[in-house]
Amino acid sequence: MGNTASNPCRRRLELRGQVQGVGLRPCVYRLARELDLAGHVANDTAGAVIEIEGPPDRLDEFERALPDRLPPLARVTRLVRRELQPRGQTDFRIRRSQRGDSHRPDVTPDSATCRDCLRELFDPSDRRYRYAFTNCTNCGPRYSIVRSTPYDRPYTTMSAFRMCAACQREYEDPADRRFHAQPNACPACGPGLRLIRPDGTGLSGDPIATTAILLRNGQIVAIKGIGGYHLACRADRDEVVSLLRRRKLRDGKPLALMVENLAAAERICRLTPADRAALLSPAAPIVLAEKRPGHGLAPSVAPGCRDFGVMLPYSPLHHLLLAEGLPPLVMTSANEAHHPLTFRDDEALEQLGDVADALLMHNREIFRPIDDSVVFTFRGQVVPIRRARGYAPQPLMLPDLAEQLHAAPAVPGRVVRGCAPRVLAVGGELKSAACLLDGDRATLSEHCGDLTNPAAYRHYIQAVTRLSELLLFEPQLVAHDLHPAYLSTLYARGLKLPRTGVQHHHAHAVSAMAEWGERGPTVGIICDGTGYGTDGAVWGCEILWCEQGRFDRLGHLDYFPLVGGDAAARQTWRPAAALLRQVCGTAWRDVFAGEPFRPARSGLSPSAEAPADYATTFEQQLAAGLNVRPTSSLGRVFDAVSFLLGLCYENRHEAEAAMALEAAAEGSARPYPLDVASEHRRVRFSFGPCLTAIVSDRRRGRPAGEIAARFHETVARTLATAAELACALADVRCVALSGGCFANRRLLSRLVELLEGGGARVLYNRRVPAGDGGLALGQAVAAAWRWRDGTGIEAAEVQTCV
Ligand code: ZN
Ligand code: ZN
Ligand code: FE
C-alpha cells in the first residue's frame, strides 16, 4: 500500500516549560476536537504530554496551530516529538495528573487578575460580583499556594475548600475558562474575608467598604494579600504616612504605592511605554518611576528619592478596595524590623497589632510567603531589583551554558566530566536568594532579604528547602560566597556536599555573562558596596577578567581606609574623611572642619559614635588600626560625595546616600578630571582629582545638582576608560556590568552608552538583579564550570553523574 496519507498515525508531544496550571490542557482539548483527533493530554511532573492520533496531515496541522492557541501564561521552552503505534482510539480525553516522574516540573508564578475576571468582579449580574477571590486558569495565585507538584488542587492550600456544584461544573468543563483552575472558588464555597480590630473583635458591614472608610479616615490597615500582609494607609497625608513610619520603626526607606489604575499612576509618575507595560503585566511588580512634579503625595513616602515605587492592584481584593475611590495607598510589606514578611494570621495579630488599627484577613492559607517584586525598566525591558512575586520560580533558560559545558575544550591535563552538575548556589547575605541550577535551567528562589536576623535565616532555609522539594531537586554541588562569616556560607558548609567558594564580584560578573550566554573571556566591571576580597580588603569596584569558572583581577579603585567597622558603611562622613585625607594631604582636617563640610554642623545626631571632633577621632582610630580595612568600594565613594554635598549624613537603609545623590543630579554635565591609567599590566583608577574639584566647587557655592551630575559623568567616564584599558590588556571586546551600584540608572545608562560607543559588546543584568539578589546565578554557573574542569572543588569524595 503506497498511499498511507489517510492511515491514522499516533504522535507524542512532550511540552516542557511553564505549561502546568495555565490552562494548557483545555486549549489542547479544544484544538484536538476541532481537528477531529483522538488521544489525550495530561500533566506530568516535568510538564505536559499530548498524544494525538489521526491522519498525518491533521497531526501536522495540530502542531502548526498549537503555538497560536496556547493560553496567555503558557511558555513552552522545549518540545520533544515521538511517533507511536496507533491504537485505534476514537475520542480525545484530558487525563488526571500523575505523580512519580523523575523530571523537574515548572511551577507558574502568581499572576495578576485577568481582564475576564475583572469584568465579572464588577458585573452585578455575575455570581462572582464583588468576590475577592475570583480567579481562573489565566490568573490568580499559584506559587504562593502550591505545596507540591503536580499542580493540582489537592496539593495546594485550596484543598481546604470543597467546590460547590457550580464551581465543580466549571472546573470539569473543558470549554470553560475555569477548567482545572486549581484555586477556583465562589462566594458559596471559597475563601472569605473578615475585618477585625487588633484585639480580635470583628467590624461589621462589608469588609472592603469598611476598610475603605478606615483608610479614608487616615487609619492604618493590615491587609492579607497573595504572598503576605501589607500595611496600607492613604499616601496623600503626611501625618498619616509619618504615623505609619513611627509605628513601624522604618524611617527613610521608600514605601511602595498602589494606585487604582494606569491613569492614576501617570498622575504621580512619569511613565515610559515600558513602565506601563510592566505595571500591566501578569507579574504586576512595583515599578520605580520618576516622581511627577505636583504629584500631591506626602513627602514622607519616598524622601530623598527621585522615584516612586508604584504598583497596580493585582488581586480582586485590591481591585475592589481601590475602586472605592481611595487616593493612592501606601502598600508596604508588613513585617517587624529586619524580620521576614508576615504571612500567617496568628503572627499578623501578634506582630501587627501595635501598628495597624485593623486587619483585613482571609482564610486562604499562604504556603510560600513572597514579597512584591521591584523593577525598573531600561531600554524597554524590565530589570528586577527585587525578584519575587510574579517572577519566582520561573526558571532562566541557559541553553548556551549546557552546550558550552559539553563542547568547550577542557583545561589541559584535567578530566572533563560528562555532564553539567546540579548546583545549589546559596547567594550572599543581604538581599539573599538561592539558585538551583539543573542542566540548562537556573531557578532563582524568591528574594529572602537580610539573613543577619535569625528569623530571616530560618525563612531563607525554609524557602530553599521547599523550592528544592517542589522541583525534586537534589544538588550535587553547593556554591557559596568566600565570606566565611556569611550565614549562607555556614549553611553551605553544613550540607555535606562537595562545595566551591566563588568570590563575590566574580559571581556578580558571571551572573551578567550567564544571562547573555557568554562564557568569556570577558572584562567584568563590577560596581558594588561590599564584598569579601582575596587579599583581606573589602572589595567593591573591580575590573575582572573572567572566563568560565576563573577570574583574574585586572584592576580596581585605589584603596582607601574604611574606619570604624560597620559604622563606616552607615555614617557617610567616614568615607568622606578617608577620601579627603587621601586627596588633601595634611590640609584635610582644615577642609573637613570648615564650611560647608563640618560634620557637627550637618545635622548629624550626636551619638556615641559621632564624636565632637571627628577629624581627631578619625586620625586616632586610623593610627590605632582598630576596625580599619582597606576598601575599593564604589558605594562608599557615593556616600562620601553625598556627604560633601550635604545630601545624606547617614544610611538609615541600604544605599540611601547613593539614591539621594542620583536624585539630586540634574541635566547632562561635563566630567571632572579623570584619574585612570594602565600600569604594569594592571588598571588603576581613583576619584581623587574629582573629589578635589568637588570640594572647591562646593566652597564656591556651585549647586549640588550640577556637582552630582558631574560626579556621575566622571564615574561613568572613568569606568568606561578603565574598561577600555582592561579590554586592550586582555584582548577582548566584551564587557559585563554588574553589582549593586547598577541600580543607579543614570550610571548604568551612561556607562552602557559610552562602552557601546567605543565598540564593545556590553552585557548587563536583565533577568536577575545586578545587586546581591542575582549573586546566586553567578555562583551556580561558575561552580558548574569548575565541576566540569575538576578545579576549585572542595570535596572528600568525587561524585559522578548518573
Ligand atoms: Zn482570570
Ligand atoms: Zn463555588
Ligand atoms: Fe554585591
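The values are calculated or read from the model by the stated rules, or taken from the named source; none is laboratory data. All values reported here derive from a predicted model rather than from experimental measurement. Note: ideal-geometry Cβ built from the backbone for every residue, glycine included; neighbour counts use all protein chains shown. Heads up: the accessible areas ignore ligands, DNA and RNA and are worked out on the full protein's heavy atoms, side chains in. Shrake-Rupley method; radii C 1.70, N 1.55, O 1.52, S 1.80 Å.
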>> Give me P(r) over the stretch 22-91, computed from all C-alpha to C-alpha distances, binned every 10 Å, as integer percentages.
In response: 18, 58, 23, 1
> So what is the orientation-averaged projected area of the stretch 212-265, using the convex hull of its C-alpha atoms, in nm²?
Replying inline: 4.4
> What is the Cα coordinate range of the chain on the first, second and third principal axes, sorted by size from largest, in whole angstrom?
Replying inline: 95, 74, 47
> On average, how much accessible surface per residue is there in the chain, in Å², for a 1.4 Å probe, leaving out ligands, DNA and RNA?
Replying inline: 38
> Using a 1.4 Å probe on the protein chains only, how many percent of the accessible area of the stretch 433-483 belongs to carbon and sulfur?
Replying inline: 51
> FRET efficiency for SER749 and ARG247, Cβ-Cβ distance as r, R0 = 30 Å, nearest 0.05?
Replying inline: 0.20
> Ignoring ligands, DNA and RNA, what percent of the 1.4 Å accessible area of the stretch 609-767 is carbon and sulfur?
Replying inline: 48
> Quick one: if the Förster radius is 60 Å, what FRET efficiency do ARG30 and ALA209 give, using the C-beta to C-beta distance and rounding to 0.05?
Replying inline: 0.90
> Which Rg and Dmax, in Å, describe the Cα atoms of the stretch 580-738?
Replying inline: 17.0, 52
> If we restrict to alpha carbons, what Rg and Dmax does the stretch 33-189 come to, in Å?
Replying inline: 17.2, 52
>> I need the helices of the chain that pass two filters: whole DSSP H segments spanning 30 Å or more by Cα along the axis, and mean Kyte-Doolittle score no lower than 0.5.
In response: 704-730
>> Among 62-73, 768-779, how do they line up by average Cβ neighbours within 10 Å per residue, starting with the highest?
In response: 768-779, 62-73
> Which FRET efficiency, nearest 0.05, do ASP613 and SER159 yield, Cβ-Cβ r, R0 60 Å?
Replying inline: 0.35
> Where the Cα atoms of the stretch 715-802 are projected onto their three principal axes, how long is each span, largest first, in whole Å?
Replying inline: 48, 30, 19
> Per 5 Å bin from zero, what fraction in whole % of the C-alpha pairs of the stretch 262-352 is there, up to the bin with the longest pair?
Replying inline: 3, 11, 20, 20, 20, 15, 8, 3, 0
> Where the only charges are on Cβ atoms (+1 Lys, Arg; -1 Asp, Glu), what is the dipole of the stretch 335-464 about its Cα centre, to the nearest 20 debye?
Replying inline: 800
> With each pseudo-label sitting 7 Å past Cα toward Cβ, what's the VAL80-GLN168 distance in nm, one decimal?
Replying inline: 3.7
> What full-extension length gain, to one decimal in nm, is calculated for ALA485 and SER125 as 0.36 nm per residue of separation minus the Cα-Cα distance?
Replying inline: 123.6 nm
>> Can you tell me what share of the DSSP beta bridges in the chain is antiparallel? A percent to the nearest 5 is fine.
In response: 75
> Sorted by average packing, counted as other Cβ atoms within 10 angstrom per residue and highest first, what order do 568-580, 501-513, 199-211 take?
Replying inline: 501-513, 568-580, 199-211
> How large is the helix-only mean residue ellipticity at 222 nm for the chain, computed as the sum of -39500 (n - 2.57) over DSSP H runs with n ≥ 4, divided by its residue count, in deg cm²/dmol to the nearest 500?
Replying inline: -9500 deg cm²/dmol
> Mean shadow of the stretch 161-208, computed from the convex hull of its alpha carbons, in nm²?
Replying inline: 4.4
>> If I take the Cα coordinates of the stretch 427-571 and project them onto the principal axes, what are the three extents in Å, biggest first?
In response: 46, 37, 24
> By per-residue mean of other Cβ atoms within 10 Å, what is the highest-first order of 630-636, 585-591?
Replying inline: 630-636, 585-591
> Evaluated at 25 °C with a viscosity of 0.890 mPa s, what Stokes-Einstein diffusion coefficient in µm²/s does the stretch 234-286 have when Rh comes from the Kirkwood expression over alpha-carbon pairs?
Replying inline: 192
>> Nearest 5 percent is fine: what portion of the DSSP beta bridges confined to the stretch 666-802 is antiparallel?
In response: 55
> Using a basic spin-label model with each label point 7 Å from the Cα along Cα→Cβ, how many nm lie between ARG237 and ARG147?
Replying inline: 4.3
> So which aspartates and glutamates can LYS291 reach, going by Cα to Cα under 12 Å and dropping same-chain residues fewer than 8 places off?
Replying inline: GLU266, ASP307
> Looking only at Cα atoms, what is the convex hull volume of the stretch 183-236 per residue, in Å³?
Replying inline: 112
> Under a point spin-label approximation (7 Å from Cα along Cα-to-Cβ), what is the SER6-GLU706 distance to one decimal in nm?
Replying inline: 8.7
> Hey, any idea what % of the stretch 516-605's accessible area is carbon plus sulfur with a 1.4 Å probe?
Replying inline: 49
